[in-house]
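Asks: Pasting in a structure now, in structure tokens, and then I'll have a few things to ask.
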Amino acid sequence: MRDRYDPATIEPRWQKYWEENRTFAAVDFDPRPKLYALDMFPYPSGAGLHVGHPEGWTATDIVCRYKRMRGYNVLHPMGWDAFGLPAEKFAVDTGTHPAVTTRRNVANFRRQIKRLGFSYDWDREVNTTDPEYYRWTQWIFLQLMKAGLAYQAEAPVNWCPHCRTVAANEEVTGGVHERCGKEMVRASMRQWMLRITRYAERLLDDLDLVDWPESIKAMQREWIGRSEGAEVDFALPQIEESIRVFTTRPDTLFGATYIVMAPEHPLVPRVTTETQRAAVERYIKSAARKSDLERTDLSKDKTGVFTGGYAKNPVNGESLPIWIADYVLAGYGTGAIMAVPGHDSRDFEFATRYEIPIVEVVSKDGRPTEGPLPEAFTEDGIAINSGEFDGMETVKFKQRITSWLEERGRGRATVNYRLRDWLFSRQRYWGEPFPVRLLEDGTVQPMDESELPLLLPDMQRFEPSATGESPLAYATEWLSTTDPDTGRPARHETHTMPQWAGSCWYYLRFIDPHNQERPWDPDKERYWMPVDLYVGGAEHAVLHLLYARFWHKVLFDLGHVSTPEPFMRLVNQGMILGFAYRFFRSAEGAPVGADEVRLEGGAPYHRKTGKVLTSEYVPLDEVRWRPDASGERCPFAEIKPEGGDGESRRVQLEELTEKMSKSRGNVVNPDVIVDEFGADAMRLYEMFMGPLEVVKPWNTSGIQGVRRFLDRFWSLFVRDYTDSPAPMSQLKMLHKALAKVTRDIEALRFNTAISAMMTLLNDLLKEEQVHREVQNVFVRMLSPFAPHIAEELWRELGHESTIAYEPWPEVRPELLVEETVKLAVQVNGKLRTPLEVPKDMGREELEKLALNHPKVERHVEGKTIRKVVVVPGRVVNIVVG
Ligand code: ANZ
């Protein structure tokens, strides 16, 4: 055996062994208990793996390896979420077909992942861009169509002029496209939509069935946005129609002083009077340029225009002016509101600006405020100025007025959801084609399942047209098809599905990835589902995780899956941040050091000149270190003035911990880490950095520490050993650590498990002799975390086959008992029972234990305890009277 631990030779050898022996193949229908542990599969980007990727993967891998040793049949798969924009952008820029780029990137990702020794069942690898995969994505789409859950609509969409595509609401924050960071506009286009709203209630209710972080559940609840209220109909006498509003505060009906419709509301042209028409049309145009978020932003100034029309308040017959304003959204509720400026802040602001009356109809104590209301009173309270309802308390009044309206056919109780139908078209090439034919008469015909997959055409150009037509519009041959029933000409759809489609169901394909007949075998599905543990980033809280739950529920209703929820337990890993280093530049381009800068409100100013500066990041490998005035390590770099020529200047850098990104120059490549320290060290370090869920900075010097631990672990096995039974003291150390590691793995507390093993190793290395018995247990304990070194040492210990299925060592409870002492428990000085307790048990605990002892209880029952005297290590005397 080698004296020195050398991961570079042992790691590839074991990886080859696992692959050749298909060590981690999951066995369908095996009688052992099953564990399905799922990782979020990556988008195979050109940049390759990043140290953030393997964090969650290492965590699940530890659990899987541990569970195999516990006798579980484990399904632990990996694949590629490979449709999407970056490959297409790359194709536009370089002419390389996205399929080529994808193949290359997948190969690189696979190589990098295999180097980390994860126990994936590689026979089950899937790729969402593989026709044998997307065939079934299309099949699911057909099921959605058949169930009436997919439809086409002229929809107001978020249009990104920069990417020339539409985006789902979920992909837009603050009016900006998440992908490119550019401003989006509203437009109206024919789009595919999925009726996720029909599942709103169940998506909400069934959150109770799953073991997920509360924060993620809360985000989904908020996204679904259930809101209870009433619809109220206001008559429009001029046009003999009525307008319906949605309100959560029907109790404020007497305080409504105007009506607001969304600019897109279909009744707008009809209520608008001739004198107001020009102004209304101008306003509608300007509103179209804003996103929903901008429109409802509380801090933005409210704007609107009077239509000239009036509506009648059903409770008192008052005539209310009808306005249009863009703070009312077309897609929520009924697209119209009754405005109650006294009790709604947005209405208050609007009414103040346009000098519309404000009426107070609720107050805290049932008395009106003296003078004008200073702001909207939005809380519950007592009704005033509300006719016969005065004095009623808000909650009661809501019910009462709702029944009052119901009786008169003027309103009804309703529930509204903020969730919108899912915009499911993209004007993109690199996505799944829709399996449909568009006939000339406008009907949409689903293709027959036997015709799938509908392959993407091979193309040379990938730019969308400026009008938003998908690149597929250029595939003229592919586009034209015929209706197989009538022989009449038809076209295929130029839109493709969004990237979310493939990731909505990949966990189901892993169950039966090579099935040519159907997406998965129902018996296998019943065997493996649900996913027991799903680990991934919290950024998927509402997008992927909501969409996948929706599809799963549809498949459940159609009888294709057996569980109502796909992912029973969800854990989010915290992001790994990278150190980033920056300096500053003056407007003239001269480099300025961090020590010469003062930050004010986040903006950097030159200390001396007071001028605003810009900041720039320095790539990690250009950062140098020197001691500063107080002897601390301080980063600096040699920076040239902008433009490149001229003397470079040595400037001090500011150290930041930020999300890793190319532009910050702080991405750590796992290959470099594995080359230098080995995969086991990398795995251990990722888990040792801190609790799994916490955001934490990557620190390459920290990895040296875990590498030293592995070197010393190796040395424990290189030493002479003995087969004689280990002394009690060593066994106790061992089993104490084993109990902790076992508990910690079950609770996903890997960092504390590792530190327990570090402590154990330190203690064992101090012992005179190493016992084989101890080595045998310790190496198994470490194996889920650092599998390569464990396999190698296991073989050295004389075992023939892999350690992967060796039973997890059983904790011997008798070895966990701490040293104990015997105490006498007395009542009024009389011995009632002896008591054996841990030596270091505290006073309070001792008292409690003595008082609750059955032999003591009966002597103190019904009596007053005057005091308890504790003499540690000797006696507990209870004095009663
Ligand atoms: C009158 C009222 C009085 C309201 C009051 C609130 C307070 P959530 O909780 O979000 O469901 N609203 C209804 N439809 C809207 C739309 N399409 N765009 C913008 N706002 C809309 O809030 C529902 C409340 O938001 C509704 O109740 C309505 O204003 C407004 F003292 O009606 B309320």
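Asks: Out of all Cα-Cα pairs in the stretch 408-474, roughly what percent, to the nearest whole number, are more than 13 Å apart?
Replies: 76 percent
Asks: Taking the stretch 489-636 on its own, what percent of its Cα-Cα pair distances exceed 24 Å?
Replies: Details: 6556 of 10878 pairs.
That tail contains 60 percent of the Cα-Cα pairs.
Asks: Using only Cα atoms, find the angle between the long axis of helix 53-69 and the longest principal axis of the chain, and express it within 0 to 90 degrees, rounded to the nearest 10.
Replies: Here the helix axis deviates by roughly 50 degrees.
Asks: Using Cα positions and a limit of under 20 Å, work out the lysines in reach of LYS302, with same-chain residues fewer than 8 apart set aside.
Replies: LYS285, LYS290
Asks: What net charge do the residues around THR833 carry, taking every other residue with its C-beta under 14 Å from that of THR833, with Lys and Arg at +1 and Asp and Glu at -1?
Replies: Counting the neighbours of THR833, the net charge comes to +3.
Asks: Set the Förster radius R0 to 45 Å, insert the Cβ-Cβ distance between LEU831 and ARG743 as r into 1/(1 + (r/R0)^6), and round the FRET efficiency to 0.05. Intermediate values should be presented prior to the final figure.
Replies: On the way: r = 38 Å, r/R0 = 0.85.
The formula returns an efficiency of 0.75 here.
Asks: Could you work out how much longer the chain between LYS396 and LYS16 gets when fully extended? Use 0.36 nm per residue separation minus the Cα distance between them, nm to one decimal.
Replies: Computed gain between LYS396 and LYS16 is 129.7 nm.
Asks: Report the antiparallel proportion of the DSSP beta bridges in the chain as a percent, rounded to a multiple of 5.
Replies: 80 percent
Asks: For GLU440, what is the net charge nearby, where nearby means another residue's Cβ is under 12 Å from its Cβ and Lys, Arg count +1, Asp, Glu -1?
Replies: Result for the neighbourhood of GLU440: +1.
Asks: So, one more: For ARG488 and ASP557, what does the FRET efficiency come to when R0 = 45 Å and r is the distance between their Cβ atoms, rounded to the nearest 0.05?
Replies: Values: r = 34 Å, r/R0 = 0.75.
The computed FRET efficiency comes out at 0.85.
Asks: Are there cysteines in the chain with no second cysteine's Cβ under 4.7 Å away, and if so, which?
Replies: Isolated Cys, the chain: CYS64, CYS180, CYS504, CYS634.
Asks: List the trypsin sites (Lys or Arg not before Pro) within the stretch 296-366 that DSSP assigns to loop and that have no more than 11 neighbouring Cβ atoms inside 10 Å.
Replies: Answer by residue number: LYS364.
Asks: Which shape class applies to the chain: rounded if a/c is under 1.5, otherwise prolate when a/b exceeds b/c and oblate if not, where a ≥ b ≥ c are the square roots of the Cα gyration tensor eigenvalues?
Replies: Verdict is prolate for the chain.
Asks: On to the next question. Can you find, among TYR474, GLY411, PRO453, the residue farthest towards the positive end of the dipole of the stretch 408-491? Put +1 on the C-beta of Lys and Arg, -1 on that of Asp and Glu.
Replies: GLY411
Asks: With +1 on each Lys and Arg Cβ and -1 on each Asp and Glu Cβ, how big is the dipole of the stretch 678-780 about its Cα centre, in debye rounded to the nearest 20?
Replies: Numbers: 14 positive and 12 negative charges, 39 e Å.
Charge dipole of the stretch 678-780: 180 debye, to the nearest 20.
Asks: Turning to a different aspect of this structure: Taking 0.36 nm per intervening residue step and subtracting the Cα-Cα distance, what contour gain separates ALA107 from LYS364 on full extension? Intermediate results must be reported in sequence, preceding the final value.
Replies: Details: separation 257, 0.36 × 257 = 92.52 nm, distance 6.69 nm.
85.8 nm is the gain from fully extending ALA107 to LYS364.
Asks: Neighbour counts of other C-beta atoms within 10 Å: give me HIS799, HIS53 arranged from fewest to most.
Replies: Details: HIS799 14, HIS53 22.
By the 10 Å Cβ count, ascending, the order reads HIS799, HIS53.
Asks: Among the trypsin sites (Lys or Arg not before Pro) in the stretch 158-204, which ones are in a DSSP loop with at most 15 other Cβ atoms within 10 Å of the Cβ? Mind listing them?
Replies: LYS182
Asks: Now a separate question. Report P(r) for the stretch 44-173: all Cα-Cα distances, bin width 5 Å, range 0 to the bin holding the largest distance, values in whole percent.
Replies: Bins of 5 Å from zero give 2, 8, 12, 15, 16, 16, 13, 9, 5, 2, 1, 0 percent of pairs.
Asks: Filter the cross-link list LYS732/LYS855; LYS114/LYS524; LYS524/LYS553 down to pairs whose alpha-carbon distance in this structure exceeds 23 Å.
Replies: In this structure, LYS732/LYS855; LYS114/LYS524 lie more than 23 Å apart at Cα.
Asks: Restricting to Cα pairs below 8 Å that are 6+ residues apart, what does the relative contact order work out to for the chain? Please round to a whole percent.
Replies: Details: 1649 pairs, mean separation 119.3, N = 881.
Here the relative contact order equals 14 percent.
Asks: Can you give the charge dipole size of the stretch 134-291 about its Cα centre, rounded to the nearest 20 debye, using +1 on the beta carbon of Lys and Arg and -1 on the beta carbon of Asp and Glu?
Replies: So the dipole magnitude of the stretch 134-291 works out to roughly 840 debye.
Asks: From the residues GLY52, TYR507, TYR5, which one has its Cα farthest along the dipole of the chain in the positive direction, the dipole being from +1 and -1 charges on Cβ of Lys/Arg and Asp/Glu about the Cα centre?
Replies: Checked the options; the winner is TYR5.
Asks: Specify which residue in the list ILE62, PHE90, ASN108 is farthest towards the positive end of the charge dipole of the stretch 1-135, using unit charges on the beta carbon of Lys, Arg (+1) and Asp, Glu (-1), about the Cα centre.
Replies: Ranked along the dipole, the leading option is ILE62.
Asks: Please list, by residue number, every one of the trypsin sites (Lys or Arg not before Pro) in the stretch 804-854 that is coil in DSSP and has at most 13 other beta-carbon atoms within 10 Å.
Replies: The qualifying sites are LYS839.
Asks: Under a point-charge model restricted to the Cβ atoms of Lys and Arg (+1) and Asp and Glu (-1), what is the dipole moment magnitude of the chain relative to its Cα centre, in debye to the nearest 20?
Replies: 1760 debye
Asks: How large is the direction-averaged shadow of the alpha-carbon convex hull of the stretch 610-726, in nm²?
Replies: Details: hull surface 53.2 nm².
Over all viewing directions, the stretch 610-726 projects a mean Cα-hull area of 13.3 nm².
Asks: OK, next. On C-alpha positions alone, give me the angle between the axis of helix 787-796 and the longest principal axis of the chain, in degrees, nearest 10.
Replies: Value to nearest ten degrees: 20.
Asks: Provide the packing ranking of 115-124, 453-462, 705-714, i.e. peptides ordered by the mean count of other C-beta atoms within 10 Å per residue, highest first.
Replies: The most tightly packed comes first, giving 115-124, 705-714, 453-462.
Asks: Related question: Taking only Cα atoms, what is the 0 to 90° angle, nearest 10, from helix 214-224's long axis to the longest principal axis of the chain?
Replies: 20 degrees
Asks: Using a 10 Å cut-off on Cβ atoms, rank the peptides 64-71, 776-783 from the highest mean neighbour count down.
Replies: Details: 64-71: 21.0, 776-783: 22.6.
Highest mean packing first, the order is 776-783, 64-71.
Since every read-out is calculated from the coordinates, none of them should be taken as a lab result. Predicted model only: the values in this text are computed from it and were never measured. All Cβ positions, even for glycine, are placed from backbone atoms using ideal geometry, and neighbour counts span all protein chains on display.
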